[in-house]
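Have a look at the structure below, then the notes.
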Amino acid sequence: MREDLLAFVSNRGTLLEPDAVDFLLAQDDAVKRLEAFLESCPETPFVVTLDDVMSAGDVARKAAAQVSTRTPTETNLAAAFIPASFRRLGERAVDHDPDVRILRDITGHSTCEGTLADFTRYFRHRFQVLRKMLRSRHELAGAQEIAKARRSTREVQIIGIVADVRTTKNGHRILEIEDEADRIAVLLPSDSAVASEVAVLDEVIGVVGTVNDRGLVIAHSIVRPDLPTVKAFRGTRHHVRAAFMSDIHVGSRTFLEDKWSKVSSWLGGADEVAASIRYLVVSGDVVDGIGVYPRQDEELAIDDIYGQYEALARMIADLPDRITVVMLPGNHDAVRPAEPQPAFPTSIQHLFDSNVIFAGNPSLLSLEGVRVLAYHGRSMDDLVSAIPGMSYARPIDAMKAMLRMRHLAPIYGGKTPIAPEAEDHLIIEEVPDIFATGHVHAAGVDQYRGVVLVNSSTWQAQTPYQKMRNIEPMPARLPIVDLASGVAIVREF
Ligand SMILES: [Fe+2]
Ligand SMILES: [Fe+2]
């Protein structure tokens, strides 16, 4: 029963308070009662509380009583005024034209050659943009250069890029931070409020503290660029929806063909939620690739790179015409591995039909004015190993960390190769309405300060490599976001 209830909750894209779970499980009609409550809400709430479900029984009884006293025609008319749930709000996507724009990506703008001068310029750009963001925070309005701050006898505010992180034998942590001219050590005392702050290499942070007589900054607080305010979701007028996929890994022996046919026929079928899906954002690892890791050939069902994309192109061509697909590459795809990655070359684009739009990784997209930041998510490998408590099973935590740092891949020199472009395209300059990632083969939806977060599962079963590393994928889940309300659900196939 508990599993049925939790599956229902996750399919409806909401969360249940633990007390509400216990209360519902003590009733004989847990799912029905919760469904009645959700039907009575104008929008699916992010969390359903104990009070909500306690009143849900009355809602159901009232609704039943009203329906039974109406004539059939009145019932149909009244149905239009019943506050709609996610399902009911959908509108047929086919009723209006698609509107996709790529607002920002690297495609056609790459200038770097990987020289030392390129790297200096790249990090200077990263530092300057994030410093400007940090200076707009009131805690750092008086931020000084490190060289000046080190002589101050008062509380100082400084901004720097994290050059080193270490822990002393007494459990204190020391961050070395540097700006354009100087570098200083910052102490996070183990018995202070900042002891739990985790900083990763190459992120840009602000520090408020005092300088001691040995020239060490004793931190009082750490300030991140973050999303300083909660913003309202900028929705479309129509309840059209976008679905999110990634990590299809076509060509792999572990590609889940049966699950793909299920999702494909659901998308093309009569379901009203499916019929309201206008856009499909595919965030990389669309094929398994060739030579991505040692002895990969033993795990390939299609060992020709073009053959893999051709197979994918056929699968995409079978999706209904009303769905416009936006496709970006990931670390398994046939573009340069260094991020930002450009869109697929024309030799691959030509294999697909005109319903597919190709974008770089990352890219900032507009779907009918709703801004979607799509990023494959390779940097999660580095964040999971750098931040205690982060896990492959909970990519949403890593996504929130990226938003707090306002950077998609802060750590340089780890598993995420970064190309030193003239500008740092991995900075999250503009706050999106939806932030979508993939790569970790998990699935989840959430929100952070008004930004809808989506991690988009996989269509590949557990690989021998994942088995070895104890990674349990969550395949065949399709996150769907209502572009009018921002309400997100995950449908399992
Ligand atoms: Fe993948
Ligand atoms: Fe990946």
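Coordinate-derived values only; no laboratory data. Quick caveat: nothing in here was measured; it's all calculated off a predicted structure. When we count neighbours, we look across all protein chains shown, and the Cβ atoms used for this are built from the backbone with ideal geometry, even at glycine.
Model label sites at Val31 and Ser347, defined 7 Å from Cα along the beta-carbon direction, differ in position by 5.1 nm. Exceedance of the 29 Å cut-off in Cα-Cα distance is limited, within the set Lys148/Lys415; Lys169/Lys400; Lys32/Lys400; Lys32/Lys262; Lys231/Lys415; Lys32/Lys467, to Lys148/Lys415; Lys169/Lys400; Lys32/Lys400; Lys231/Lys415; Lys32/Lys467. Give me the distance between the Cα centres of the range 411-455 and the range 104-140, rounded to whole Å. Each part's Cα centre sits 16 Å from the other's.
For the chain, which span is the longest to avoid every loop-located (per DSSP) member of trypsin sites (Lys or Arg not before Pro) having at most 11 other Cβ atoms inside 10 Å? If you can, show how the numbers build up before the last one.
Numbers: sites that count: Arg151, Arg154, Lys169, Arg214, Arg237, Arg295, Arg469.
Between exposed loop sites, the widest span is 296-468.
Going by neighbour counts of Cβ atoms within 10 Å, the residues Thr14, Thr49, Thr229, Thr167 line up, fewest first, as Thr229, Thr167, Thr49, Thr14.
Share of antiparallel DSSP beta bridges in the chain, in percent to the nearest 5?
65 percent
Taking the Cα centre of each part, how many Å lie between the range 294-325 and the range 217-249? Result: 30 Å between the Cα centres. Spin-label model, His220/Arg234: points 7 Å from Cα along the beta carbon direction are separated by 3.6 nm.
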